[in-house]
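The values are calculated or read from the model by the stated rules, or taken from the named source; none is laboratory data. Note that the coordinates shown come from a computational prediction; the quantities given were computed from them, not determined experimentally. FYI the Cβ positions are ideal-geometry reconstructions off the backbone, even for glycines, and counts take in every protein chain you see. Areas reflect the complete protein model, heavy atoms only, side chains present, ligands, DNA and RNA absent. Shrake-Rupley method; radii C 1.70, N 1.55, O 1.52, S 1.80 Å.
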Amino acid sequence: SILPGVNVIVKGTTIGTGTDANGAFNLSVPASAVLVFSFIGLETIEVSVGDRTVINVEMKSDVQQLTEVVVTAGGLIVQKKELGNFATTVKASDLTQGKSQNAIAGLQGKVAGLLVSAVSSGVNPNYRVVLRGQRSLLGNNQALVVLDNVITPNSILGNLNPEDIEDVQVLNGAGAAALYGSDASNGALIITTKRGKTGKAEIKISNTTTSETVSYLPQLQKQFGSGTTPDQPPFYTPYENQQYGPRFDGTIREIGKPLADGSIQQVPYSATDGRTDFWRTGMLNQTDMSVSVGDDKSSLYLAGQYFKQNSTVPYDQYSRYSIRANMDRKVGEHFKVGVTTNYISNAYDISSQVGNAYLNALMSPAQVDITKYKDWQNDPFANPNGYYNEYFDNPYYTLENNRNDRKDKYFQGSVELKWNPITPLTLTSRVGLTNRNVFGKTSSGKFTYSDYTKSISGSSKTDDPGFVSDDAFYTNQLVIDLLAEYKTKLSDDFSLTAVGGFQSRDNTSKAVNVSANGLVISGVYNVSNTLTNLGGGESNERATQMGVYGDFRFGYRDFAFLHFTGRNDWRSVLDE
């Protein structure tokens, strides 16, 4: 049958074309040229041109390509039926179809038994990934993460660009991931990112804008206003947060206590939606760009992403940009070099007291519209000195006066060398590096209540002396893999795959912080802006691990398989 769309490339160059609807093609090439014909699901064919002006090619099905394969431990590619353990493949389209800005959030509901749970709220939440249940009360229950065949700390998961991921292999059984040792006892997520593809260059640019709202809040009553106890008849207290007061009747009532000049607020005694309107509509904007190009010797995948999020929490925002470059190159007939690099930079501007702001918003009686108290620095009724609530702060003041600015920078990269000295034998060496640097500043503004406010409020109003803390830490992981894979046919019925390998891992981390209580100058968040002694601390950690492993698979007629796996580790943090 006629095959349209077959790639025809002059070997060793980027010159090429594709066959048309009739399976025909035209190329002007020298007599010494070699043409490479390739098509998905068919065997690649190389044909020398010579003195021919017409070349007819018959292509055959590639049985090996059509067999479902998975990437398993060590980056080995095996037929799925060889595993003997349950494995699930999540394709890129499954991760990105909802345009999730978080690759791990995109896994929710895609894999049986995979529990993806957010352990924080707000912008860019952290996720826990549990695959085989809670198997330990005190230990780590999370699945091992392997990115482009390199073991990677779980912290990078929420920062990967979902558009860069080619697929995720989820190895549920410990046996499937046994080559990674005890670290994979909770299963493994093997993430493979995209590579450049042979053929025409491909450029993609996309933008996604999403809005989000708070999904639900506690059910709040809207019939009664401020009052301390369910008296008979109910007694109204204008500065009280509890709502045991009289039933709403629409009359004008005072709220709070008078300011120093004698002025006092008055509002209609009826319910408002202030406690729900306090949370704003969040906006997420994501822009992606990628370039893919390749020929029969080289391939290149370049990608970039910029992501900006304004949270449902007032004032909070987050931004991220990432750059990825994946490159492959064949050197001669027996060598292949692969390079993977990824740089990610995050910036957080969030409140450190969102929980308290949430409580302060809920502790507002329904007749008070708290959305009118945003300008706490200039509005005397929104300022802490004049805020109506005697016992809970203005939530806008809580958010804006307690901030956490943080910048996370990740670098992940690897270099892989493959050598095929003979057809059945593949020797692989791989070096992978994952580095994270974090710089953060947490601050609480200084505020001193006026003498008048203290005189009418007593102990319920205490000055905030102000606080600032600077912290920084880094983590670094270096992984070295050396492995040999031998695949051969022992006879027409029997096959053998033997793998032997060595792995070393070196983890180092360092954290330092310095803090100051009692700021001298309001609004200056510098640890030297104090008359008290500074606080501080430092921690340093290092752990190393070395392991050797072997893997043997005996196959009978590509139908029945016998699989042996073994590994032994030496860890610096354990006694012999």
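Return the FRET efficiency for the residue pair LEU359, LEU433: r is the Cβ-Cβ distance, R0 is 45 Å, and the value is rounded to the nearest 0.05.
Values: r = 43 Å, r/R0 = 0.96.
It comes out at approximately 0.55.
Mind giving me the FRET efficiency for THR17 and VAL47? R0 is 22 Å, r the Cβ-Cβ distance, nearest 0.05 is fine. Could the numbers behind the result be given before it?
On the way: r = 14 Å, r/R0 = 0.66.
FRET efficiency, THR17 to VAL47: 0.95.
Note the full-extension length gain between VAL291 and LEU490 as 0.36 nm times their separation in residues minus their Cα-Cα distance, in nm to one decimal. Walk me through the intermediate numbers first.
On the way: separation 199, 0.36 × 199 = 71.64 nm, distance 4.34 nm.
Contour length minus the Cα-Cα distance gives 67.3 nm.
Can you work out the accessible area per residue across the stretch 144-253, with the rest of the protein chains kept in place, probe 1.4 Å, in square angstrom?
Here the per-residue accessible area is 46 Å².
Extending each Cα 7 Å along its Cβ direction at THR462 and TYR391, get the distance between those two points in nm, one decimal.
Rounded to a tenth, the inter-label distance reads 1.7 nm.
Just from its helices, what would the mean residue ellipticity at 222 nm be for the chain, if runs of 4 or more DSSP H residues each count -39500 (n - 2.57) and the sum is divided by every residue, rounded to the nearest 500 deg cm²/dmol? Walk me through the numbers on the way to the answer.
Details: 6 runs with 36 residues, N = 576.
Theoretical 222 nm ellipticity from helices: -1500 deg cm²/dmol.
Return the aspartates and glutamates within reach of LYS257: Cα separation strictly under 16 angstrom, same-chain partners fewer than 8 residues apart disregarded; answer none if there are no such residues.
Qualifying aspartates and glutamates at Cα under 16 Å: GLU240, ASP379, GLU390, ASP393, ASP451.
How far is it, in nm, from the label point at ASP405 to the one at GLU58 when both lie 7 Å from their Cα along the line to the Cβ?
Label-label distance for ASP405 and GLU58, simple model: 7.2 nm.
Here are some values of mean projected area of the Cα convex hull in nm²: (1) 36.8; (2) 34.0; (3) 46.8. Which one was computed from this structure?
(1)
Are any of the pairs LYS336/LYS489; LYS60/LYS110; LYS372/LYS461 more than 26 Å apart by Cα-Cα distance, and if so, which? If you can, show how the numbers build up before the last one.
Values: LYS336/LYS489 24 Å; LYS60/LYS110 35 Å; LYS372/LYS461 22 Å.
The pairs that break the limit, which is 26 Å between Cα atoms, are LYS60/LYS110.
Roughly what % of DSSP beta bridges within the stretch 140-202 run antiparallel, to the nearest 5? List each step's numbers first, then the result.
Working: 8 of 12 bridges.
Around 65 percent antiparallel, to the nearest 5.
Need one number: nm distance between label points at LYS372 and LEU3, each 7 Å from Cα along Cα→Cβ, rounded to one decimal.
7.6 nm
Go ahead and run the numbers for FRET between THR213 and ILE323, Cβ-Cβ distance against an R0 of 35 Å, rounding to 0.05. Each step should come with its number before you reach the end.
Details: r = 32 Å, r/R0 = 0.91.
About 0.65, to the nearest 0.05.
Where only protein heavy atoms count, and the probe is 1.4 Å, what is the accessible area per residue for the stretch 487-576 in Å²? Don't skip to the end; give the middle numbers.
Working: 5850 Å² over 90 residues.
Solvent-accessible surface per residue comes out at 65 Å².
First compute the accessible area of the chain with a 1.4 Å probe, then give the percent of it belonging to carbon and sulfur atoms. If you can, show how the numbers build up before the last one.
Working: 15930 of 29180 Å².
The nonpolar share, carbon plus sulfur, comes to 55 percent.
Given the pairs LYS330/LYS409; LYS194/LYS487; LYS200/LYS330; LYS446/LYS510; LYS222/LYS454, which are separated by over 23 angstrom at their Cα positions?
On the way: LYS330/LYS409 32 Å; LYS194/LYS487 26 Å; LYS200/LYS330 18 Å; LYS446/LYS510 31 Å; LYS222/LYS454 32 Å.
Table pairs above 23 Å Cα-Cα are LYS330/LYS409; LYS194/LYS487; LYS446/LYS510; LYS222/LYS454.
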